[in-house]
Amino acid sequence: MEGSSSSPTATTRLKRLAKTRPDSLKIDLLTIPENGCVSSFDKSTDPVSHEVNVQFRDISYSVREGLFTRKRKKILDGINGDFLSGELTAIMGPSGSGKSTLMDILAGYITRNITGEIHTNEVLRDESSFRKKSCYIMQNDNLQPLLTVQEAMAVAASLKLASNNNSEKENRVKEILQSMSLWNHRKVRTESLSGGQKKRLSIALELLKNPQVMFFDEPTSGLDSLSSKQCVKLLKDLAAMGRTIICTIHQPSAIIFDLFDHLYVLTNGQCMYQGSVKGVLPYLEDINLKCPTYHNPADFLLEVVNGEHGDYYDALLEKSNNGLTQDWRRNQTNSLNLQSLDHVDRMMKTGKITPVHAVPMTFPKVTDCDNCDKSVREADIYPTSCLYQILILVRRTFLIISRDRTLTLNRILTHFSIAIFIGFLYFGIGKDASTMLNNFNFMFFSVMFLMLTAFNCVTTTFPSELPILTREHFNKWYSLKSYYLAITMADIPIQICATLIYALITYFLTMQPIELFRIVSFLFMCVLISMVAQSFGLFIGACMDVKNGVIFGPFCFLPFTIFSGFFVQLNDCHPYMRWLFHISFLKYGFEGLVLSVLGYKRPKLPCNADYCHYVNPQKFLTTRDMGDANYSLAVIFLLGLVFILRITAYIALKIQLRRNRSKKN
């Protein structure tokens, strides 16, 4: 090869390289010739069949500075850029420069309050079409912690691959896991993975649909130097096969900085530089800014845009023409870039870092449907049908619930232990007239216990799942409707099981009447009460975060508790407040339980005391303003409330999902 390390010319160049390159690269690249190349990245073997270039012109974005002001703060100010396929692009800039906002806009994560145009392959971008061939991997690796690597991949494959052949899906999963060096960890739960392994798994999950454009928000955040180098090497491999890889990065090391093909620098929402990494130092030298010999070019660049070497803001902005200037991306052959890749490859082969190689997959032939009929596109927005999505998500949720002791084992044990305690505390009260008031108290306690346990068990469901939902829903794994139905349906059997355990144990220990229709009525009313409370918990969880839900959720139950008919009876309440009794679901649930035990013309109870005032159950119901209560009305009211609350919770979740996306900026 020309420029072999054995030739005098190469030796001279190598010595010059050791003197001029940053200190962090001097040792790593001692044996690499200056004009070396890596044959594994030969463009002649590029498998791409449909490239996607992203261009944007005059993009501006602003947000309101406060809740009660119309003044807006400009985050991006008329920037321009071109991100091409086959390139690994880094968006750099100091904190608050707008790089994450630009990433969110290009990925389609932010779609409002934007001016300017975004194109793909020089055609105005259609968001729906673009989202089908792109993915966004966010900074935090939001993965299901209780699933193993293989289970997470299997769920993703079922949702993202339209094929009905399970063996093909399994082979695809195995192929990707092996290429990511995760196959040996396939039985490990994601919560036990290292930071680098979680990042690779996040990428592997999205590679299943073979996206043509991939966005990464701070892909090296939280990783050590070797893991960061390994991660960027993987992104470089993905870009070398024709994908458009765009990522934000804060302050890379010299080696990682030189792995990028294309650099886009932002400060104060404007573009200071767009071009090759190799062209950064000559670009700065044109305005008399010379990088010190042993200084990281990335650090020097950030110092310049922060004004640490003087006020060059206007000069840099004019030179880049806010991103329109393309002069500094002409020479894209970055020899040091290729040398670094070769060095990383050798480190992998010698076992110094985990070997990772991108999957050599070909792109599916995608018809450019930017101008096709919208109604046709929307019908095919997800690879799988709604029913199939629900089936897969229900299976996943059942698997997670079965491994979550808080949601399953602890819930059932709590209901069982409290049922035993209450059963023996009120042992035998249901068969004697002298303990009528205790029986009444027992049924009110049952209402409160079932309500609070059902509510608390699901209040944290949506807040804890929201980051995962945001990522998976945005990347078109499934529809929000499928997720909501699956997450709510999967918890119902667990809640019903726990409720029936409590109801059956307490019913027989308290010696309520052994009549089939009364037993069924009591159990059914207990289940309805828990379903209403669960629906209310889902609604609160969809509206608030965990902290606010825990505080305000039980507080919202207070009016229902006061007007339940236990503390204050309807006839004793002020006429202007009686309407509150008719909207309290606890009143209907409480009346349903009392009627199932004491109603329906139950005969007189035996009295084992000198005097029993409530020998006749009907007399007791009358004194408690339940003489005219109707069990069927209670059932209808509670069923209607379950239906209304669950629809409202879905709407609240949809709003919260949008708010969560806007909060990111």
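Before moving on, here are some points about what is shown:
- Helices (runs of 4 or more DSSP H) wholly inside the stretch 374-454 that include at least 1 residues being assigned by TED's automatic domain parsing to the domain that holds residue 569 and among the charged types (D, E, K, R): 386-403, 409-425
- Residue within the stretch 484-498 that is over 28 Å from residue 390 (Cα atoms), at pLDDT below 95 and surrounded by fewer than 19 Cβ atoms within 10 Å (Cβ to Cβ) present: no
- When the stretch 106-147 is limited to residues that are crowded, with 19+ Cβ neighbours inside 10 Å and among the polar types (S, T, N, Q), the one that is farthest from the chain's Cα centre (by Cα) turns out to be 120.
- For the stretch 641-659, the criterion of being in contact with a Gly (Cβ under 7 Å, 6 or more places away or on another chain) and either assigned to a helix (DSSP H, G or I) or assigned by TED's automatic domain parsing to the domain that holds residue 517 (or both) is met by none of the residues.
- Lone qualifier among 95, 167, 158 - being of a type in the set (Gly, Ala, Ser), in a helix (DSSP H, G or I) and surrounded by fewer than 17 Cβ atoms within 10 Å (Cβ to Cβ): 167
- Filtered residues of the stretch 227-248 (kept if assigned to a loop (DSSP other than H, G, I, E, B), of a type outside the set (Lys, Arg) and within 22 Å of residue 326 (Cβ to Cβ)): 242
- The conditions of being more than 30 Å from residue 504 (Cβ to Cβ), surrounded by 13 or more Cβ atoms within 10 Å (Cβ to Cβ), modelled with pLDDT of 85 or more and in the same structural domain as residue 648 (by TED's automatic domain parsing) are met by residue 543.
- Residue within the stretch 114-125 that is polar (S, T, N, Q) and either in a loop (DSSP other than H, G, I, E, B) or farther than 30 Å from residue 162 by Cα (or both) present: yes
- Top-ranked residue of the stretch 430-482 - restricted to ones that are acidic (Asp, Glu) and either over 20 Å from the mean Cα position of the chain (by Cα) or buried (at least 21 other Cβ atoms within 10 Å of the Cβ) (or both), ranked as modelled with the highest pLDDT: 472
One line per residue, one yes/no per condition, for (1) among the acidic types (Asp, Glu); (2) farther than 30 Å from residue 73 by Cα; (3) free of Cβ contacts under 8 Å to residues at least 12 places away in the same chain:
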{"residue": "242", "(1), (2), (3)": "no, yes, no"}
{"residue": "258", "(1), (2), (3)": "yes, yes, no"}
{"residue": "261", "(1), (2), (3)": "yes, yes, no"}
{"residue": "265", "(1), (2), (3)": "no, no, no"}
{"residue": "273", "(1), (2), (3)": "no, no, no"}
{"residue": "276", "(1), (2), (3)": "no, yes, no"}
{"residue": "279", "(1), (2), (3)": "no, yes, no"}
{"residue": "285", "(1), (2), (3)": "yes, yes, yes"}
{"residue": "301", "(1), (2), (3)": "no, no, no"}
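- Taken over the stretch 400-409, the criterion of being surrounded by 13 or more Cβ atoms within 10 Å (Cβ to Cβ) and out of contact with any Asp or Glu (no Cβ under 8 Å at 6 or more places or on another chain) is satisfied by 400, 402, 403, 404, 408.
The values are calculated or read from the model by the stated rules, or taken from the named source; none is laboratory data. Everything quoted here is computed from the prediction, not taken from an experiment. So basically every Cβ, Gly included, is an ideal-geometry build from the backbone, and we count neighbours across all protein chains shown.
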